[in-house]
Amino acid sequence: MTTPPIAVTGSTGVVGGHVASALAEAGVTQRLLVRTPAKAPVLPNTTVHPFSYSDRSASTAALEGVEVLFMVSAAESAVRLDEHRAFVDSAGAAGVKHIVYTSFFGASPTATFTLARDHDVTEKYIVASGIAHTFLRDNLYIDFMNELVGEDGVIRGPAGDGRASIIAREDIARVASTVLLDSSSHVNATYDLTGREALTLHEVAAILTEHRGTPVTYHNESIPEAYESRARYGAPAWQNDAWVSTYTAIAAGEAERVSTAVADITGVEPLTLAEFLAKG
């Protein structure tokens, strides 16, 4: 009997790309659902299917015959929740039996980080669909710490002395791959995925200083300062709220808890910031 293919979204990105490569290495047949087929990785036992989250017909066609789906959350936008709902509906119509979804640490209707509220809505929509699920609630990415530093060597944001248990995207992908390869062992489970240490932004700045060899400091902005310093980007209000609330969630202590889920599931400890930077 032929094993149904696993469907993977996000394979042109970091997490989805790592997952697709790991599944291919394991000899799994998979379908890569991508917006731009020319950008999809070339992997054995793999077919590429054009789709978008909001395109019901393309998504349903791409998912026909699939039982397990890796659903990377859609790009941040004002319509992301509508896209998620449409895609979950497509999965249901196609007969998908299990969705592994990349959610966010602390997803809740009352989360300080505004986008964590959106992930809560998506989680609940998946549960209401009746499709089995595994929710991977990723904390903030280690990978982005360098990008927080301005041209003047300063990280700015209203995080106070709060801590964040930041995690590398490659560690998230290892968990996702492990779950997808043995999905029946993770039915209706929710995992908080974090690194193994929780750092203040002062500590992040010190580690980046050592790595770069040039000074990096952290400036604890007030909330009005945070909105003002980001006004030059001309972003919509929802995006400014998301940017600023990333930091206020840290200040509120909502990003600090350390989970052992990465090591528990994969048998390998997640990277620290210093270890991630040392890898280059």
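The values are calculated or read from the model by the stated rules, or taken from the named source; none is laboratory data. Nothing here was measured: the structure is a model prediction, and the numbers come from that model. Here the Cβ positions follow ideal geometry from the backbone for every residue, glycine too, while neighbour counts run over all protein chains shown.
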Unique match (being at pLDDT 95 or above and outside any loop (DSSP other than H, G, I, E, B)) among Asp171, Asp161: Asp171
Qualifying residue in segment 59-77 (condition: in contact (Cβ under 8 Å) with a residue 24 or more places away in the chain, in contact with a Lys or Arg (Cβ under 6 Å, 6 or more places away or on another chain) and part of a loop (DSSP other than H, G, I, E, B)): yes
Yes/no for Ser245 being touching a residue at least 40 places away in the same chain (Cβ under 8 Å), surrounded by 18 or more Cβ atoms within 10 Å (Cβ to Cβ) and assigned to a helix (DSSP H, G or I): yes
Qualifying residue in segment 110-124 (condition: under 17 Å from Val19 (Cβ atoms) and not in a helix (DSSP H, G or I)): no
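Do we find that Glu147 is in a helix (DSSP H, G or I) and surrounded by fewer than 16 Cβ atoms within 10 Å (Cβ to Cβ) in this structure? Don't jump to the end; show me each part of the working.
Working: in a helix (DSSP H, G or I): yes; surrounded by fewer than 16 Cβ atoms within 10 Å (Cβ to Cβ): yes.
Here the answer is yes, as Glu147 does meet what is asked.
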Cβ pairs under 6 Å, 6+ apart, first in segment 1-21 and closer than 15 Å to Ala38 by Cα and modelled with pLDDT of 95 or more, second buried (at least 20 other Cβ atoms within 10 Å of the Cβ) and of a type in the set (S, T, N, Q): Gly17/Ser11
Where Tyr218 falls short, out of the listed (1) farther than 26 Å from Phe70 by Cβ; (2) under 17 Å from the mean Cα position of the chain (by Cα); (3) not in a helix (DSSP H, G or I): (2)
